[in-house]
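The values are calculated or read from the model by the stated rules, or taken from the named source; none is laboratory data. This one's a predicted model, so the numbers in the text were calculated from it and none came from an experiment. Here the Cβ positions follow ideal geometry from the backbone for every residue, glycine too, while neighbour counts run over all protein chains shown. What goes into the accessible areas is simple: the full protein's heavy atoms, side chains included, and nothing from ligands, DNA or RNA. Shrake-Rupley method; radii C 1.70, N 1.55, O 1.52, S 1.80 Å.
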Amino acid sequence: MDLHILDHRLRVTSISKTGLEQYTHPLIKLIFLRNRTRCKFFSLTETPENYTVVLDEEGFKELQPSEHLQVEGSTWLPLNVVSNGNASSSSQSVGVTKIAKSVIAPLAEQHVSVFMLSTYQTDFILVREKDLSVVVESLVEEFNIFREEGGESVPVHSQDACNGLQRNVHPVLIPENQFCVMSLDPDTLPAIATILIDVLFYSNSPKPGASIDQDMECIKFFSFSMIDGYVSLVMDKEAQKQFPTDLLFTSSSGELWRMGRIGGQPLGFGELQIPSFDHLNAACIL
């Protein structure tokens, strides 16, 4: 198999729900006005606590600093596993299970934290740019490693490096929601703009004083990603009912997913985290 280091330098940010009004305009621009921005990698996920936004450097320029914007200090690089010339996805032989065994486990042994971002089209393993030499050294025997530069794949050779480690234990919550992983033709975004804006920015927030440390019947989770022109959506069955079914692409099996939520406090990016939709407050595994 081949491992590609994609040509994106990413930032991981969190926008508080109380400060969302300050960022509605740039977020709408990044989602709907592709001709107004050079952002090629954008992912927005709503959880009960906040909005987690992962985006490249061009997209990050759209977010103005404020007390409501939390920015993780590291720059992250996305990795993609390719088998037989095809990017990995849940419908192919190389998926999260194979990635966890072949990529994430060796990195954990070398004390490298990862950030897993799964979309309808493919699975991305994000690593901190400063850990790249350790990543290459750890995986070079298992993969042919390439780095994409200017649209071309350039072979990468191993380097020596070291890293630190932090270990913590967190509770696991399993909400009752059933989730759908879907895709959408970017050209049809205007047709669902009103619905998408309503779901992303005007959905009900958790009740004041609600604790996330207790078991929940359901949990608010919605993810929108637009990466290199491909759109991916993750939402529960109730949210799906708001969208026209003829515009959403789903897998032929129509499979539904359950969530395992790791922790309810900020996890910290120095930890060896479980492959997941990672966020600044908790890791959510589908």
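Observations on the model:
- Treating r as the C-beta distance of Arg258 and Ser102 and R0 as 25 Å, the FRET efficiency rounds to 0.55.
- Peptide ranges 24-31, 148-155 listed from the most packed, as the mean C-beta count within 10 angstrom indicates: 24-31, 148-155
- Sorting Arg38, Arg11, Arg258 by accessible area puts them as Arg38, Arg258, Arg11; the probe is 1.4 Å, largest comes first, and only protein heavy atoms count.
- Simple spin-label estimate for Cys218 and Tyr230 in nanometres, 7 Å along Cα-Cβ: 3.0 nm
- Ordering of 240-253, 134-147, 111-124, 180-193 by packing [mean C-beta count within 10 Å, highest first]: 111-124, 134-147, 180-193, 240-253
- Chain lengthening between His25 and Glu176 when straightened (0.36 nm per residue, less Cα-Cα): 51.1 nm
- The GluC sites (Glu not before Pro) found in the stretch 1-89 that occupy coil by DSSP, while having at most 13 further C-beta atoms within 10 Å, are Glu67.
- Inter-probe distance in nm under a simple model that places probes 7 Å from Cα toward Cβ, at Ala191 and Ser203: 2.2 nm
- Amide hydrogen neighbours beyond the local backbone of Asn177, cut-off 5 Å, H modeled: Ile219
- Stretchable slack from Glu129 to Met1, in nm (0.36 nm times residue separation minus alpha-carbon distance): 43.9 nm
- Near Ser118, the amide H atoms lying under 5 Å from its own belong to Phe124; only residues 5 or more places off or on other chains count, and H is placed 1.01 Å from N.
- Label-to-label distance, Thr250 versus Glu148, with points set 7 angstrom from Cα along the beta-carbon direction: 2.9 nm.
- Our coupling estimate for the stretch 44-51, obtained by passing each phi through the Karplus curve with A = 6.51, B = -1.76, C = 1.60 and θ = phi - 60°, is 10, 10, 9, 10, x, 8, 6, 10 Hz, Gly and Pro reported as x.
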